[in-house]
Amino acid sequence: MITRSIGGILRGNCTAVQLFLACVLGGMAGFIPGFSEAPGIIVFLALLLLVLNANLGIATLTALMAKIISVPLIPITFKAGELLLDGPTQGLFRTMINAPVLALFGFEYYLTTGGLLMGLIVGCIIGIALVKFISTFRARMAHMEENSDKFKNVNSKWYIRFLVWLLLGKGKGKKTTYNDLLDQGLGHPIRWSGVVVALLLVASLVGVRYFFTGSLVKGYLKSGLEQANGATVDVGDFKLDLGTGNLSITNLAMADPNALDTDLLRAAQLTAKVSTSDLLRKRFQVDTVVINDASQGEKRASPGVYVGKPPEPAPAPPKPGDKSLDDYLKEAKVWKERLAQVKKWLDKISSHKEGEKTPDQTAKKPETLAERLKREINESGYAHVQASHLVEGAPRFLLKDLKVLKMRVPYFGKDETVDLVAENLSTDPNLIPDVPSITINTSKKTLDLLISLAGSTSKGGINAVNLKYANLSADSFAKNLLGGGNVLKGGTIDFETNGTWAPAGVNLPLNVTLNNTAVAGQKLKVLPIKFSVTGPLDSPSLGGIDPDAIMKAVASAALGGVTDKLTGELDKKVGGEAGKIIGGGAGDLLGGLTGKKPTTKQK
C-alpha cells in the first residue's frame with residue numbers, strides 16, 4: 001500500500017542522508033534519455049543505489065518525478081549539455097569521452113551530460129524539501145510524545161495502534177521514539193548486502209563478455225543503422241563471440257525511407273569479423289562484412305517508420321541557360337528523393353569537423369557547430385545529438401571492408417545481379433588516413449560506379465565520382481522525359497562521367513551516346529551529346545546543353561559523318577529535303593531535351 005510506504009518513510013529509521021542520496025540519484029537517473037545513449041551511467045547509478053544504502057522507494061519515486069519534469073525541460077537540459085561539453089569543462093569531458101570504460105557512459109550526448117547536471121539540481125531540490133518536511137514532522141511528533149497528554153492517551157489505545165499499523169506500517173517500533181529518530185545522525189552510509197550484490201554484478205561483467213554480447217551491442221548496432229538509414233532496421237538473431245571476434249546476423253531488413261512498405265536492403269545472412277580490442281572505449285571496428293542472399297525492393301510484412309527527420313533538399317538557383325531536374329524528368333520527385341537519400345549517406349561518411357575547410361575549393365562555407373547542432377536536432381531529435389568533435393584517436397564506428405555479392409535488384413531484372421564493395425566507412429572519416437570508397441558493378445557490366453571520398457580523410461584530397469552506364473533502353477529513358485515519349489525510339493543509351501563531389505554539390509561532365517536510336521523518326525547509328533550536372537546532389541541542374549552543337553551532331557550522325565559543307569551542297573541539290581529531314585529530327589530532339597523550339601536558321 002502507498003500509505004504504508006509513506007508511513008515507513010515518515011516513521012521509519014531512514015536518515016536524512018539516506019533520503020537525500022536517494023533523491024539525488026533518482027533525479028539524475030530520471031533525466032538520462034535512455035539506456036542506449038548512456039548504458040554506463042545507468043549501471044553506475046544503480047550500483048551506487050545498492051552500495052550507498054539510499055532508500056530505494058524514494059529513489060524510484062524521485063526518478064519517476066524527474067522523468068516527468070525532464071520532458072518540458074529538454075531544450076534547457078540540452079543547453080546545459082552544451083555548457084559542459086563546449087564550455088570551460090570541455091577538456092575534462094573530452095578525456096572521459098575517449099577513456100576506456102568511461103567512454104561507455106555516453107558523455108558525448110549533449111542531453112545525457114546536461115541531464116546529469118539538471119538531474120543533480122532537481123534531485124537536490126527534492127531532497128532538501130523532503131528532508132525538511134520529514135524533519136519537521138518528526139520534531140512535531142516528538143514534541144507531542146513528550147508534552148501532549150491527549151496524544152499519549154489516544155496512542156495508548158490498542159485499536160488506535162492497530163489502525164496506525166494497518167495504514168502506516170510498523171514504523172519505528174516500540175523501543176524507539178521520534179526523538180531517537182531525530183538524533184540518529186548519519187546512519188549507516190553503506191548497505192553491505194548491496195555491496196555483495198554489486199560485486200556479483202561486476203564480476204559477471206568481467207571481460208565485458210556478457211555486457212556486449214547481448215542486447216547492448218545489438219541495440220547499439222540497430223540504433224546506428226537506423227540513424228544512418230533514416231528508417232526502421234530489423235535485426236534477427238545476433239551473435240558476437242568476443243573471443244574470436246566473429247559476428248553473425250540473420251534476417252537483416254532495412255526499410256526504404258522513400259518507400260516504407262519495401263526494403264532498401266534485405267539479407268538472410270550477414271557474417272563479419274569484428275575487432276574487439278577497443279570495445280571499452282566504445283570503438284566498434286568491423287574488419288570484414290560479407291552479406292549473402294541479398295535483395296532490394298522486397299515488400300515488407302509491415303511498413304517501416306521514419307527515424308529522425310529527413311533533410312529538406314537545398315536547391316540552388318540554376319545558372320542562366322541551365323535547367324533543373326524537374327524540367328526534364330516526369331518522375332523528378334522520385335529521383336530527387338533517391339538523390340536526397342544518397343546525399344544524406346555521403347554527408348554521414350564524409351563529414352568534417354566544425355571549422356575545417358573542405359579540400360574542394362568549390363565547397364560551401366564550413367558548417368559551424370551551432371548550425372550542425374540545430375540541423376541534427378531537427379533531423380534526429382535532442383537525445384541523439386552528439387559532440388562528435390570531441391571524439392579522438394579513432395572513429396566510433398569503422399567498417400574496413402564490406403561486400404554485398406550477387407544482390408538481386410528489380411531494376412536490373414532477374415538475369416543481372418549487383419556487387420557492392422565498400423571500404424573504410426566510418427562515423428568520423430577525418431580521424432583515419434584511409435580513403436572511404438564505394439564500388440558498384442553489375443554482372444552484365446551495365447553499371448560501373450566508383451565513389452572515392454578522399455576529401456573527408458585526415459590526409460585530404462578530392463572526392464571523385466566515376467560512373468559508366470551501358471545499354472540503357474532509349475524507349476525506357478524517353479518515357480521519363482517531359483513530353484519526350486516520341487522523341488527517342490529504339491536503340492540504347494550509354495553515358496559516363498568522371499567528376500567531383502563536395503558538400504557544395506557535384507560537378508559531373510556527362511558524355512551521352514545514343515546507339516541505333518531513332519530521333520524523331522530519323523534512325524541514327526551513333527549520336528554523342530555532352531552536357532554537365534552541377535549543384536546540390538539532391539537538386540542538381542543540367543547545363544552545357546548547346547542546341548547548335550546537338551543540331552550539328554544530329555546532322556553528322558544522320559549523314560554518316562558528312563561535313564557541314566557537304567550537307568549544304570546536298571541541300572541545294574535535292575531542294576532542301578536533306579535539311580528538312582535533319583533539321584526536323586534535330587528540332588524535335590531539342591524540343592524534348594531543352595524545351596526550346598528550333599530557330600529559324602535551324603529550320
Pull out the extension gain between Glu298 and Glu423, defined as 0.36 nm times the separation in residues minus the alpha carbon to alpha carbon distance; nm, one decimal.
42.4 nm
Mean Cβ-within-10 Å packing, highest first, puts peptides 63-71, 421-429 in the order 421-429, 63-71
In what sequence, highest mean first, do 102-115, 407-420 appear when ranked by Cβ atoms within 10 angstrom?
102-115, 407-420
Full-stretch length increase - Lys444, Ile68 - with 0.36 nm per residue and alpha-carbon distance subtracted
129.5 nm
Spin-label model distance (nm) - Lys489 vs Glu416, 7 Å beyond Cα toward Cβ
2.4
Per the 1/(1 + (r/R0)^6) rule, R0 = 41 Å and r from the Cβ atoms of Thr95 and Tyr306, FRET efficiency to 0.05 is 0.70
Quickly work out the Phe35-to-Asp241 label distance, labels modelled 7 Å from Cα along the C-beta direction, and quote it in nm with one decimal.
2.6
Any idea what the dipole of region 221-281 comes to, in debye rounded to 20, about its Cα centre with Lys/Arg Cβ at +1 and Asp/Glu Cβ at -1?
260
Calculated FRET efficiency for the pair Ala139/Asp278, C-beta based, R₀ 60 Å, to 0.05:
0.60
Mind ranking 444-455, 192-203 by how tightly packed they are, going by the mean number of other C-beta atoms within 10 angstrom, highest first?
444-455, 192-203
Could you give the length gained on full extension between Leu201 and Lys530, defined as 0.36 nm per residue of separation minus the Cα-Cα distance, in nm?
111.7 nm
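Any read-out appearing in this document is the output of simple, stated calculations on the displayed coordinates, not a laboratory observation. The structure presented is a predicted model; accordingly, all values stated were derived computationally and were not measured. So basically every Cβ, Gly included, is an ideal-geometry build from the backbone, and we count neighbours across all protein chains shown.
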